[in-house]
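Please treat every number below as a calculation from the coordinates, not as lab data. Every value quoted in this text rests on a predicted model; they were computed, and no experiment measured them. Cβ atoms come from the backbone with ideal geometry, glycine included; neighbour counts cover every protein chain shown.
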């Protein structure tokens, strides 16, 4: 009888171990990025000038309150993760983050204003560069090793998904601004080469830290974001800026291909949605939009108002605008970008056999915004 009881206890303990990080086969993701992927890190950086912790950010997400995302709804990484059955990783600086939450959900290190280069975005005072984000990831690894042991931790990190989505700030908030030395130190081609050399080293470091399944996001037509248009003399897209994005994407694709061949047992993919976004901007009606050149959230005739603020006014139908503010796409545009990356890279549903959970999405996109105090 005693042996039967002991056997049952052993079975229960095994099941419990398998349902926790100790033996979990659940796949989570670790996200490295900028404001396009930030889910709240910058709201905990008290001196940062890149902050989305204001109405009307997050109006179409969850309870409609600001949550640190620089859009009205979901990020591209949110949507891709949802469609793959991956949990949404919380912000690294979220005070509720614990080892158990990391094992269950992963971590998001993305920071508004951050770049591949450490100097990028310094005008925002506080932000996490990619180097800093990787340093924080190394600290996360130490915590998990202490929690579940080195061998289990290695398996956990090897089996996780990784997203690296930076680069636009390295142009818009570095190379293209004369206050940065990079603007007069490099030519267009040598600056892209500098970015690739830096990014290549960072991706190799992530590989050495256990990252095996990595998706690197390319850049969209950043010369067409409302900020770039309003700073031009004609209001048109800035061709030089778009050409830099195209150069980055070509070089990024080659870098990823080369690393995939040289790094054993790695799968590094490059997610490029430039063409589909350019198509939407050139012919928004074809894709169900009616505005692709101005922000949904704006401060009347005062432009550029770099962020959406409580005094801003919202467009009548947020689902019809490609851009949420001067910099960032709307939820609807992010969904289109995510779908294009999924289509190109052939991502599959990875966790379990159930259908993915419903994802928070704009449910009141046609509604007028309430007042900030409501």
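Using Cα-Cα distances under 8 Å and only pairs 6 or more residues apart, what relative contact order does the stretch 156-213 have, in percent? List each step's numbers first, then the result.
Details: 29 pairs, mean separation 35.4, N = 58.
RCO, the stretch 156-213: 61 percent.
Which whole-number percent gives the relative contact order of the stretch 254-305, counting Cα pairs below 8 Å spaced six or more residues apart? Mind showing how you got there, number by number?
On the way: 21 pairs, mean separation 9.2, N = 52.
The normalised contact order for the stretch 254-305 reaches 18 percent.
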Among the stretch 100-129, those whose backbone N falls under 14 Å of a label point 7 Å along Cα→Cβ from residue 47 are 122-128
Stretch gain in nm, segment residue 151-residue 96, where the contour uses 0.36 nm per residue and the Cα spacing is subtracted: 17.2 nm
Which order do peptides 309-321, 132-144 fall in by mean Cβ count within 10 Å, highest first? 309-321, 132-144
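Using Cβ contacts closer than 10 Å as the measure, can you line up 230, 163 from fewest to most? Don't jump to the answer; show the numbers that get you there.
Values: 230 15, 163 25.
Ordered from fewest to most neighbouring Cβ atoms within 10 Å, 230, 163 come out as 230, 163.
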Nearest-ten-degree value, helix 188-208 long axis tilted from longest Cα axis of the chain: 10
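Run the helix sum for the chain: -39,500 (n - 2.57) per DSSP H stretch of 4+ residues, divided by residue count, reported at 222 nm to the nearest 500 deg cm²/dmol.
Details: 11 runs with 140 residues, N = 374.
Result for the chain: -12000 deg cm²/dmol, rounded to the nearest 500.
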To the nearest Å, what is the center-to-center distance of the stretch 165-185 and the stretch 310-338, using C-alpha atoms only? 25
Ranked highest first by average number of other Cβ atoms within 10 Å, how do 116-127, 340-351 line up? 116-127, 340-351
Report, to the nearest 10°, how far helix 239-262 tilts away from the longest principal axis of the Cα atoms in the chain, using its own Cα long axis and a range of 0 to 90°. 20
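How much length is gained on full extension from residue 348 to residue 204, taking 0.36 nm per residue of separation minus their Cα-Cα distance?
Numbers: separation 144, 0.36 × 144 = 51.84 nm, distance 2.50 nm.
Gain in length upon complete extension: 49.3 nm.
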Taking Cα pairs under 8 Å and at least six residues apart, what relative contact order does the chain come out at, in percent? 19
How large is log10 I(q)/I(0) at q = 0.10, 0.12 Å⁻¹ when the Debye formula is applied to the Cα atoms of the stretch 25-345, each weighted equally and without solvent? -0.53, -0.78
Per-residue Cβ contact counts at 10 Å, fewest first, order 233, 187 as 233, 187
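Sorted by mean Cβ packing within 10 Å, highest first, what order do the peptides 152-158, 108-114 take?
108-114, 152-158
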Over all alpha-carbon pairs of the stretch 216-275, lay out the pair-distance distribution in 5 Å bins, whole %, shortest bin first. 4, 20, 21, 16, 13, 10, 7, 5, 3, 1
Tilt relative to the chain, helix 2-18 - C-alpha long axis, 0 to 90 degrees, to 10: 10
Neighbour-count order for 54, 244, fewest beta carbons within 10 angstrom listed first: 54, 244
